[in-house]
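As structure tokens, the structure follows; a few thoughts come after it.
The values are calculated or read from the model by the stated rules, or taken from the named source; none is laboratory data. Given the structure is predicted, the values throughout are model-derived calculations rather than measurements. Positions of Cβ are backbone-derived with ideal geometry, glycine not excepted, and every protein chain shown enters the neighbour counts. Surface areas here come from the heavy atoms of the whole protein model, side chains and all, with no ligands, DNA or RNA. Shrake-Rupley method; radii C 1.70, N 1.55, O 1.52, S 1.80 Å.
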Amino acid sequence: MEDLQDFERYMAHLSEGLGHSDRHAGLRGYTTGLMSPLQRKSVEPMAAHMDPLNVRSRHQSLHHFVADANWSDERMLLGICQWVVPLMDFSDGGWWIIDDTGFPKQGRHSVGVARQYCGMLGKQDNCQVAVSVSLACAAASIPVAWQLYLPQEWADDEARREKAGVPEALKFATKPQIALQQIEHLLAQGAPRHCVLSDAGYGVDTAFRERLDELGLPYVVGVTGSVTVWPPGHVPLPPKPYGGRGRVPRRLRRGDATAPEHRPRTVKDVAFDIEPDDWQEITWREGTNAALRSHFARVRVRAAHRDEQRSELREPQWLLIEWPEGHDEPLKYWLSTLPEDTPLERMVYEAKMRWRIERDYQDLKQDLGLGQYEGRGWRGFHHHASLSIAAYGFLLAQRLRHPDEVGGKKNSARQEPALPTHYKPRGSPEGAAPRPILHHELAIAYRRSAGS
């Protein structure tokens, strides 16, 4: 089986970064378990599936590999990139996609769990949240950096930190700060300066956008309608005239009621000022059932934040707005530093490319068990995620190598194999349908080849 041979080569490649040779079997076993047709991808059901007659011993070995073994998640992700990225086509552009994803979690002892916004639930609830950066091209994307967000209450709790194995050097950082650290680390390793994409959770942070500018990275980032900008023809007032005493005034000023033209406006207000003829219907890609299209407009603006602390005007950038037909107000807003001559169709295409990371998370969670780790420690949480991404990376590479096989025989659904009658897995099943990229023949073939 060609896939099995490719998988063996992939495992040998990733094993180079594990250190001790006794960890190689754990890598193969755990990754195979994540690709198996199981409803639950935590350690116990994977052990029972792989070795039904020796569930306890297999469980212990897999648990040790993911929760205790001291191998590098960064090195694992680098190995995945070395395997997948050469197969990605960047002829139509490349993007760094920043996002976070939540995992509902009960109790208070699992590392990083707190009451916070969980995108999976669409509300505030007990959960863990991880920040990631994905590298994307037009046809594929792969997570290349991954870190758990540690809320302030956790960062300040030495007892809980020590029990969960949080690294001593790790300090509290906001999600935008974590994302910037990840981007800076990638650039330090020689990564290309692709355009950065993010949603409004990151885009509203002025310091985040300013740092991307300093790093020389163009961006298309979401913002909320309440973000303020200087619309065309409007700028802050110059510094006060020098009165002849003291320091020379150098700070820009905002106007008052007598000079409303020197006060910023919300992007929502700017959108309502755009003439009807300036809105265009743009189609950005083909969806599952129909072409995806909406109405868009854009204007050149300057960001308006902490103007009183600046002595020079900010550089102009694009404000991109989506206002679907039939809606009472605009739906989405983006700020972008793409070149001034970028066609509107291309700008919309790049803004909408962020959907790829949503697909990554969907595949990783639904079919590769990303959110199903049941341990409580920092190391296990990150090891499990790295291994889920490793499984995803292999399947993505196979799809890129053999695009004609997607949706065909290799991707047909499989029935869940029987487990021992005495075995009762923990946790509620998540019986989500497999995504087209994924198949389970490889895990079945590997299990047979191993004599399980």
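Does the range 29-52 contain any residue that is of a type in the set (A, V, I, L, M, F, W, C) and surrounded by fewer than 19 Cβ atoms within 10 Å (Cβ to Cβ)?
Checked the range 29-52: no residue is of a type in the set (A, V, I, L, M, F, W, C) and surrounded by fewer than 19 Cβ atoms within 10 Å (Cβ to Cβ).
Cβ-Cβ distance below 6 Å, separation of 6 or more or different chains: which pairs start in the range 187-215 with a residue that is hydroxyl-bearing (Ser, Thr, Tyr) and end on one that is at pLDDT 95 or above and open to solvent by less than 30 Å² (accessible area, probe 1.4 Å)?
Final answer for the pair search is Ser198/Ile98; Ser198/Val221; Tyr202/Ile98; Tyr202/Pro176; Tyr202/Phe208.
Select from the range 53-67 the residues that are under 26 Å from Lys163 (Cβ atoms) and either open to solvent by less than 50 Å² (accessible area, probe 1.4 Å) or hydroxyl-bearing (Ser, Thr, Tyr) (or both) and write down the one among them that is farthest from the chain's Cα centre (by Cα).
Checked the range 53-67; the qualifying residue farthest from the chain's Cα centre (by Cα) is Ser61.
If the Cβ limit is 7 Å and pairs must be 6+ apart or interchain, which residue in the range 59-77 that is under 20 Å from Gln147 (Cβ atoms) pairs with which residue that is open to solvent by 50 Å² or more (accessible area, probe 1.4 Å) and assigned to a helix (DSSP H, G or I)?
Every condition considered, the pairs that remain are Ala67/Arg379.
Hey, does the range 309-316 have a residue that's over 21 Å from Glu340 (Cβ atoms), surrounded by 13 or more Cβ atoms within 10 Å (Cβ to Cβ) and of a type outside the set (D, E, K, R)?
no
Among the residues of the range 7-20, which ones are surrounded by 13 or more Cβ atoms within 10 Å (Cβ to Cβ) and more than 16 Å from Cys81 (Cα to Cα)?
Those that are surrounded by 13 or more Cβ atoms within 10 Å (Cβ to Cβ) and more than 16 Å from Cys81 (Cα to Cα): Glu8, Gly19.
Okay, residues lined up against (1) farther than 18 Å from Phe381 by Cα; (2) basic (Lys, Arg); (3) assigned to a loop (DSSP other than H, G, I, E, B):
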| position | (1), (2), (3) |
| --- | --- |
| His24 | yes, no, no |
| Tyr30 | no, no, no |
| Pro37 | yes, no, yes |
| Glu44 | no, no, no |
| Leu62 | no, no, no |
| Trp83 | yes, no, no |
| Pro86 | yes, no, no |
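Residue-wise test of (1) farther than 30 Å from Ala139 by Cα; (2) of a type in the set (Asp, Glu); (3) open to solvent by 50 Å² or more (accessible area, probe 1.4 Å).
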position: Trp230; (1), (2), (3): yes, no, no
position: Arg247; (1), (2), (3): yes, no, yes
position: Asp256; (1), (2), (3): yes, yes, yes
position: Arg265; (1), (2), (3): yes, no, yes
position: Pro276; (1), (2), (3): yes, no, yes
position: Gly287; (1), (2), (3): no, no, no
position: Arg293; (1), (2), (3): no, no, yes
position: Phe296; (1), (2), (3): no, no, no
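Quick check: anything in the range 121-141 hydroxyl-bearing (Ser, Thr, Tyr), touching a strand residue (DSSP E or B) at 6+ places or on another chain (Cβ under 8 Å) and open to solvent by 10 Å² or more (accessible area, probe 1.4 Å)?
No.
Considering only residues that are of a type outside the set (S, T, N, Q), modelled with pLDDT under 95, touching a strand residue (DSSP E or B) at 6+ places or on another chain (Cβ under 7 Å) and open to solvent by 40 Å² or more (accessible area, probe 1.4 Å), which ones fall in the range 82-111?
The answer is Pro104, and nothing else.
Collect the residues in the range 155-195 that are farther than 30 Å from Gly94 by Cβ and β-branched (Val, Ile, Thr), keeping them in residue-number order.
Within the range 155-195, Val166 is the sole residue that qualifies.
Show the residue pairs meeting these rules: Cβ distance below 6 Å; 6+ apart or different chains; first residue within the range 231-242 and under 18 Å from Leu335 (Cβ atoms) and in contact (Cβ under 8 Å) with a residue 40 or more places away in the chain; second residue hydrophobic (A, V, I, L, M, F, W, C) and buried (at least 18 other Cβ atoms within 10 Å of the Cβ).
Listed by first residue and then by second, the contacts come to Pro231/Val270; Pro231/Val301; Pro232/Val299; Pro236/Leu252.
State which residue pairs qualify: first residue in contact (Cβ under 8 Å) with a residue 40 or more places away in the chain and assigned to a strand (DSSP E or B) and inside the range 116-131, second residue hydrophobic (A, V, I, L, M, F, W, C) and open to solvent by less than 20 Å² (accessible area, probe 1.4 Å) in any location, beta carbons under 7 Å apart, and separation of 6 or more residues or different chains.
So the pair list comes out as Gln128/Phe103; Gln128/Val113; Gln128/Leu148; Ala130/Leu148; Ala130/Ala385; Val131/Ile178; Val131/Ala179.
May I ask you to verify whether Gly225 is in a loop (DSSP other than H, G, I, E, B) and exposed (fewer than 15 other Cβ atoms within 10 Å of the Cβ)?
So Gly225 fails the test.
Just name the residue that is surrounded by the fewest Cβ atoms within 10 Å (Cβ to Cβ) out of those in the range 358-403 that are charged (D, E, K, R) and assigned to a loop (DSSP other than H, G, I, E, B).
Top of the filtered list is Glu374.
Mind checking which strands (runs of 3 or more DSSP E) fall wholly inside the range 252-338 and carry at least 2 residues that are of a type in the set (Lys, Arg)?
Where strands (runs of 3 or more DSSP E) fall fully within the range 252-338 and carry at least 2 residues being of a type in the set (Lys, Arg), they are 291-303.
Filter the range 190-211 down to the residues that are out of contact with any Leu (no Cβ under 6 Å at 6 or more places or on another chain) and among the charged types (D, E, K, R), then identify the one that is nearest to Thr228 (Cα to Cα).
Asp205
Out of everything in the range 340-357 that is more than 13 Å from Ile282 (Cβ to Cβ) and in contact (Cβ under 8 Å) with a residue 40 or more places away in the chain, what residue ends up being surrounded by the fewest Cβ atoms within 10 Å (Cβ to Cβ)?
Per the stated criteria, the residue is Glu340.
Here's the yes/no breakdown for (1) assigned to a helix (DSSP H, G or I); (2) farther than 30 Å from Asp307 by Cα; (3) open to solvent by less than 50 Å² (accessible area, probe 1.4 Å):
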position: Arg161; (1), (2), (3): yes, yes, yes
position: Ala169; (1), (2), (3): no, yes, no
position: Ile178; (1), (2), (3): yes, no, yes
position: Gln181; (1), (2), (3): yes, no, no
position: Arg193; (1), (2), (3): no, no, no
position: Arg211; (1), (2), (3): yes, no, no
